[in-house]
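The structure appears right after this line, and notes come after that.
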Amino acid sequence: MTVRFLHTSDWQLGMTRHYLAGEAQPRFTADRVDTVRTLLALALERECSFVVVAGDVFDHANLSPQDMGRALEAMRCELPVLLLPGNHDPLGTGSLWDSPAVRDGLPDNVVLLRDSDPVQVLDGVQVVGAPWRTRKPDADPVAPALEGLEAEGTVRVLVGHGMLEELDPDASSPVTVRRAPLEAALADGRIHYVALGDRHIRWPQDGRGAIQYSGAHETTSFRETGLGLVLEVQIDPQAPAGSQVTVQDHQVGRWRHVVIERELDGPEDLEALAAELDAQTPKERTMVKTALRGALTVGQAAQLDELLESQGARFASLEAWDRHTDIVILPSQEEMQEISLGGFAQQTLEELRERAWQPERERAEDGSPEPIAAEELSEQAEQEEMLREPAPPAEHETAQDALRLLVRLSGGQRA
Ligand SMILES: [Mn+2]
């Protein structure tokens, strides 16, 4: 007997992103619910028998009644859909799962994995959940679900949420998911597959092994560069050990996070940036963060502003990543000549130019800028950056602004 099902996780329905302004946020919210419909339709099409959602079904407990109602309605289908409470939507005091709207509003095909009692989904097939019972558990949230399971010929899918030890950046975290108990249970046939959630990017990428993360169905941060995936999992308990599980991924997401990192030092670089932005598709579902560095003339800087402004209106969002943006704007020789000043004023102009050059010289001394570290793209880093006070302009920035203004006033730049 072969068992086929769909593994997904981290829908985090109701999620908001601070960089989505105006109509983009409601569209993001609605699309992420729509993608749930898409993946359930895919499960039917692929003749899956059930769907497991490995935690973080909802982003938080304060969805509007409409958002909650639409999300619940999207889960209605002809297949059993098993939901696991994760760290974003744990059980316990004030849990959203205990609110009347959810408790009474779950469609009949939806099963909430409130405990680790095996749920019989088919003859000889069980799903065992390892729900987050509190907001702050103090131990491995997955291994306890194995207690009391015996190898008795039943095909079992364990559904859990948390970071496996090799993926957890915090080695001392009490909630790290230990691999050893899972491997032991797989080896002696107590379980056959571990459907994990918490990591929003599919893992392992080669799709090998019986312990897997599906990743989120729709991208949630600039750390996740591809489209959202779901996993179609097939278990053949009669197959030889090591080849009982096969996993195939399917793209279901439609939104993308893109970081564009570029050196801009002249018209060719501006053209290349314009082409790169233009090639993004579909723009209305793409969120871009730019990390631009380099030195531009006042005229080129005006072109850059114009480019970002006109493209900005086409994207779901297009924002400069302040910490990684460092453009020195200096008048070219021609632009300097346009500002015809005499005596004392001319001397001040030269001084301004001298000060404006400062970071460019430092850069030449330090060599290439530091690359963006993966940690900087985490949700936490993003939140910290949002809370940080903007730094007051440095002296060179003030000097550059003054020069830009002078060039514009002199009529050298008519943009
Ligand atoms: Mn999550």
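Structure summary
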item: Over segment 60-158, equivalent-ellipsoid semi-axes from the Cα gyration tensor in Å; result: 25, 19, 8
item: Area projected by the alpha carbon convex hull of the chain, averaged over all directions, nm²; result: 23.8 nm²
item: Net dipole in debye of the chain [+1 Lys, Arg Cβ; -1 Asp, Glu Cβ; about Cα centre; nearest 20]; result: 1180 debye
item: Square roots of five times the Cα gyration tensor eigenvalues for segment 1-113, Å; result: 23, 18, 12
item: 5 angstrom amide H check on Ile191, placed H, neighbours 5+ away; result: Leu186
item: Amide H within-cut-off set for Leu112, under 5 Å, with H built and near neighbours excluded; result: Leu83
item: Alpha carbon centroid spacing (whole Å) that separates segment 86-101 from segment 250-268; result: 37 Å
item: Packing-based ranking, highest mean first, of 243-252, 333-342 given that Cβ atoms within 10 Å are counted; result: 243-252, 333-342
item: Choice from Arg32, Arg285, Arg103 with maximal GNM fluctuation in the chain (Cα, 10 Å cutoff); result: Arg103
item: Computed over segment 23-110: relative contact order in percent, which uses C-alpha pairs under 8 Å that are six or more apart; result: 33 percent
item: Contact order relative to length of the chain, as percent, for alpha carbon pairs under 8 angstrom and 6 or more apart; result: 13 percent
item: Highest to lowest packing among 110-117, 48-55, scored as the average C-beta count within 10 Å; result: 48-55, 110-117
item: Cα centroid of segment 15-37 to Cα centroid of segment 119-184, whole Å; result: 31 Å
item: Residue order, fewest to most beta carbons within 10 Å, for Lys289, Lys283, Lys136; result: Lys136, Lys283, Lys289
item: Hull-based mean projected area of segment 149-212, where the convex hull spans the alpha carbons, in square nanometres; result: 4.6 nm²
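The numbers here are math on the coordinates, done by the rules we state, and not lab data. Remember, it's a predicted structure, so these values are computed and weren't measured experimentally. All Cβ positions, glycine included, derive from the backbone under ideal geometry; neighbour counts span all protein chains shown.
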